[in-house]
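Below is one structure, written out as structure tokens; the observations come after it.
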Amino acid sequence: MQNYLTSGQVCKKLRISISTLKRWLDEPELNISEQRNYNGWRLFCDSDVETLKEFKRNIRKNGKRFKKTTFIPVTLSDNK
């Protein structure tokens, strides 16, 4: 029988926040199936958790990646 975890349980196991998990799930290189329970909560199987662990390991090894818009300088308007 397949063991399923909720988003919160996966976050505790990986020691990441919910927002980090949601951001990672938007990554095209992660191929994680989307399964939901009768309440609509997202469920993750053991292989999904292993995929996320490997993704976390790669991020730590290769460093953080930033979007192109992250380093755009902010200009303050002069409102007097």
Name the long-range amide H neighbours of Leu43: under 5 Å, sequence gap of 5 or more, or other chain; modelled H, no Pro or chain starts. Gln35, Arg36, Asn37
Taking the Cα atoms of the chain, report the difference between the largest and smallest coordinate on each principal axis, in whole Å and largest first. 65, 33, 22
Given the -39500 (n - 2.57) contribution per DSSP H run of 4+ residues, what per-residue ellipticity at 222 nm results for the chain, rounded to the nearest 500 deg cm²/dmol? -12500 deg cm²/dmol
Farthest toward positive dipole pole in the chain [+1 Lys/Arg, -1 Asp/Glu at C-beta], among Thr75, Leu5, Trp41: Thr75
I need the peptides 23-29, 42-48 ranked by packing, meaning the mean over residues of other C-beta atoms within 10 angstrom, with the highest value on top. 42-48, 23-29
How high is the relative contact order of the chain, in percent, with contacts defined as C-alpha pairs under 8 Å that are six or more residues apart? 30 percent
Spin-label proximity, Ile59 to the range 20-37 - amide N less than 18 Å from point 7 Å beyond Cα toward beta carbon: 20-33
How large is the charge dipole for the range 4-62, taken about the Cα centre, if only the Cβ atoms of Lys, Arg (+1) and Asp, Glu (-1) carry charge, to the nearest 20 debye? 380 debye
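Here, each number is a calculation from the coordinates, and none is a lab measurement. Just so we're clear, the structure is a prediction, and the values are computed from it rather than from any experiment. We place every Cβ from the backbone using ideal geometry, glycine too, and count neighbours over all the protein chains shown.
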